[in-house]
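Below is one structure, written out as structure tokens, with a few remarks after it.
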Ligand code: 6R9
């Protein structure tokens, strides 16, 4: 039996059992079966969660771009690797074959070399969702440079902090970017950031919007003329399995972002293996993940995972609402997308719009739907299932993190029976544990607590860039000998997992441990409610009480707020229990969100407890203006 592609539930259980009983044999077989190595490993795994130190496939030699590109040149050179769908519908999509991608990456890699970039150097990439972004990342990987992609919606301040933290020698950007009907002056943001980044020696600029920009002599150069002149042959550098592949920043509970470091072989094996199984990708399928490559979801499941499987992956430059709220479904129809992967926040915003935006498109190509990024509430799950999947495409609710590199808990479509809002079962090789507050593992089913992972997996981040101590304290110090995820989870009567939200969201009300997700679910099911967020605040009697921030759909806005509050209370009482009744319900126009769509509860908690003088860094919010508005009307 092949370990690489799991086709039914019985096989899943067999493979899973093997992955726990003989993890090293299991991963060795996966790695041997499906990848190209210049030299095989001497040792599959060595680990110590106390140091912490984890090494996979020690002393193996490889280059990830040979696995993502070169090996397909013999068999499938003309197959489309990337379909690029531009922001505007008037511009044509591009189809980049494996052969063309090979040339583009080699040329770009030669340009990097000509600018003095060497193995181990850090290159910051601050680009919109244009093909150059994918090519730049692969070009770094080809020569062993470490890419640090910064989402091109971040401010100059956020860009400068990340560029300096990783000590980047070079920055790759574009003149500007398109986002719906707006253009953004990216190069202006870069210029401002670089005033604070003395270490950056050169800047390469891709042309996207043909704007008039400032080019600094001796530092800035247009990319295209350099590419035109470069050779399209570039030997891939031999990398060690544990050589760094990239740094990607994730925000922590404190202001300073953490540069999570991922290494080469383990990341490649795990992102490819999970892609194949979570999306049940078959040769010839067209796969689309709507994330931005600036997030881990884009790294693992737009770029590396799909390409390492020889897949066709869609890269979308635009936004779901432009030119109208049917754009996602228009793209699905146009490119006959088979697997579609998006975030609950996008689903909720589209569910608020007229259903005709969905219904007028032919979505019959879809076979698998996915979600990622936050707990999906029941109402959004059903909307997605009924209207997009037409009750025939399984939804994979995939739980994972920047730190985990790949999907950890998820159904496999057509294999694992799904259950709304449940991430269901761990992926082979993943050993979850649910811990109580005293640090004891809870055995058996029908338990809830803090989610940990008790055994290493190949794509785990190896450290926080230049701050190993922070890596240790954040992930390996709360529970002995465990990786602590920071999330709460429950395991139901059949062993399915549901993620209940960040543990800092767990609120203890009168001694009851309440996760925010089920309460928000109950609120969201009220027909007038579009979205909600529940946080705790100190209460004299109960210890903590609940404060709900609720966005109404247009239809609900004109309704009497007191009546609505009563109805919402009733709904919570019925669905969760009277203990979960919020002390306060504030109707708001929006919720503070990160650029990847996660609600910034830290801010809501401060508002709820009336500590608004010191809100911390709000510059990475998508909608900072909403904060003042909420404060003004706080109860
Ligand atoms: C991939 C990604 C990680 C945090 C994670 C959790 C939340 C992600 C989820 C989910 C419930 C899911 N999260 N997927 N919660 N159900 N399917 O999002 O990485 O940006 O690092 O965020 O997102 O709280 O700990 P990242």
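Between 376, 430, the distinction of being at pLDDT 95 or above, in a loop (DSSP other than H, G, I, E, B), in contact with a helix residue (DSSP H, G or I) (Cβ under 9 Å, 6 or more places away or on another chain) and within 16 Å of the ligand (Cβ to nearest atom) belongs to 430 only.
If we scan the stretch 469-487, do we find a residue that is in a strand (DSSP E or B), within 15 Å of the ligand (Cβ to nearest atom) and either surrounded by fewer than 16 Cβ atoms within 10 Å (Cβ to Cβ) or modelled with pLDDT under 85 (or both)? Scanning the stretch 469-487, I find no residue that is in a strand (DSSP E or B), within 15 Å of the ligand (Cβ to nearest atom) and either surrounded by fewer than 16 Cβ atoms within 10 Å (Cβ to Cβ) or modelled with pLDDT under 85 (or both), so the answer is no. Is it the case, given these coordinates, that residue 459 is touching a residue at least 12 places away in the same chain (Cβ under 8 Å) and closer than 30 Å to residue 243 by Cα? Considered against the rule, which asks whether it is touching a residue at least 12 places away in the same chain (Cβ under 8 Å) and closer than 30 Å to residue 243 by Cα, residue 459 comes out as yes. Those strands (runs of 3 or more DSSP E) of the stretch 283-368 in which 3 or more residues are away from the ligand (no atom under 16 Å from the Cβ) and either surrounded by fewer than 22 Cβ atoms within 10 Å (Cβ to Cβ) or over 15 Å from the mean Cα position of the chain (by Cα) (or both) occupy 312-316.
Would it be correct to say that residue 245 is farther than 30 Å from residue 181 by Cβ and part of a strand (DSSP E or B)? Spelling it out, residue 245 is indeed farther than 30 Å from residue 181 by Cβ and part of a strand (DSSP E or B). Within the stretch 515-538, can one find any residue that is more than 16 Å from the ligand (Cβ to nearest atom), at pLDDT 90 or above and surrounded by fewer than 17 Cβ atoms within 10 Å (Cβ to Cβ)? Yes. Does residue 414 satisfy the criteria of being part of a loop (DSSP other than H, G, I, E, B) and more than 8 Å from the ligand (Cβ to nearest atom)? Yes, satisfied.
Candidates are the residues of the stretch 248-282 that are buried (at least 19 other Cβ atoms within 10 Å of the Cβ) and assigned to a strand (DSSP E or B); the one that is farthest from the chain's Cα centre (by Cα) is 263. Within the bounds of the stretch 548-569, is there any residue that is under 32 Å from the mean Cα position of the chain (by Cα), under 22 Å from residue 509 (Cβ atoms), surrounded by 18 or more Cβ atoms within 10 Å (Cβ to Cβ) and touching a residue at least 60 places away in the same chain (Cβ under 8 Å)? Yes, that holds for at least one residue. Each residue in the stretch 215-242 was checked for being over 30 Å from residue 27 (Cα atoms), in a loop (DSSP other than H, G, I, E, B) and either in contact (Cβ under 8 Å) with a residue 40 or more places away in the chain or out of contact with any strand residue (DSSP E or B) (no Cβ under 8 Å at 6 or more places or on another chain) (or both), and 7 of them qualify. Filter the stretch 493-505 down to the residues that are away from the ligand (no atom under 12 Å from the Cβ) and either under 17 Å from residue 376 (Cα atoms) or in a strand (DSSP E or B) (or both) and list them by number. Within the stretch 493-505, 496 is the sole residue that qualifies. Residues that are assigned to a loop (DSSP other than H, G, I, E, B) and out of contact with any helix residue (DSSP H, G or I) (no Cβ under 8 Å at 6 or more places or on another chain) within the stretch 418-427 comprise 418, 419, 422, 423, listed in sequence order.
Residue under question is residue 576, and the condition is that it be under 21 Å from residue 449 (Cα atoms) and surrounded by fewer than 23 Cβ atoms within 10 Å (Cβ to Cβ); does it hold? In short, yes.
Take the conditions part of a helix (DSSP H, G or I), more than 16 Å from the ligand (Cβ to nearest atom) and surrounded by fewer than 23 Cβ atoms within 10 Å (Cβ to Cβ) and apply them to residue 387. Does it pass? Criteria met by residue 387. Condition check: more than 23 Å from the chain's Cα centre (by Cα) and either within 15 Å of the ligand (Cβ to nearest atom) or over 24 Å from residue 583 (Cβ atoms) (or both). Does residue 447 satisfy that? In short, yes.
Can you tell me which residue is nearest to the chain's Cα centre (by Cα) among those in the stretch 177-195 that are within 15 Å of residue 317 (Cα to Cα) and not in a helix (DSSP H, G or I)? That would be 179. The sole residue among 558, 596, 609 that is within 16 Å of the ligand (Cβ to nearest atom) and either in contact with a strand residue (DSSP E or B) (Cβ under 6 Å, 6 or more places away or on another chain) or closer than 22 Å to residue 379 by Cβ (or both) is 596.
Among the residues of the stretch 258-272, which ones are away from the ligand (no atom under 11 Å from the Cβ) and over 19 Å from residue 138 (Cα atoms)? Residue satisfying the conditions is 259 alone. Scanning the stretch 379-401 for residues that are touching a helix residue (DSSP H, G or I) at 6+ places or on another chain (Cβ under 7 Å), modelled with pLDDT of 95 or more and at negative phi yields 383, 384, 387, 388, 395, 396, 398. Within the span defined as the stretch 62-78, one or more residues are modelled with pLDDT of 95 or more, within 30 Å of residue 482 (Cα to Cα) and not in a strand (DSSP E or B). The single condition among (1) assigned to a helix (DSSP H, G or I); (2) in contact with a helix residue (DSSP H, G or I) (Cβ under 8 Å, 6 or more places away or on another chain); (3) in contact (Cβ under 8 Å) with a residue 60 or more places away in the chain that residue 523 does not satisfy is (3).
The values are calculated or read from the model by the stated rules, or taken from the named source; none is laboratory data. From a predicted model like this one, the values you see are computed outputs, not experimental measurements. Here the Cβ is made from the backbone with ideal geometry for all residues, glycine too, and neighbour counts use every protein chain on show.
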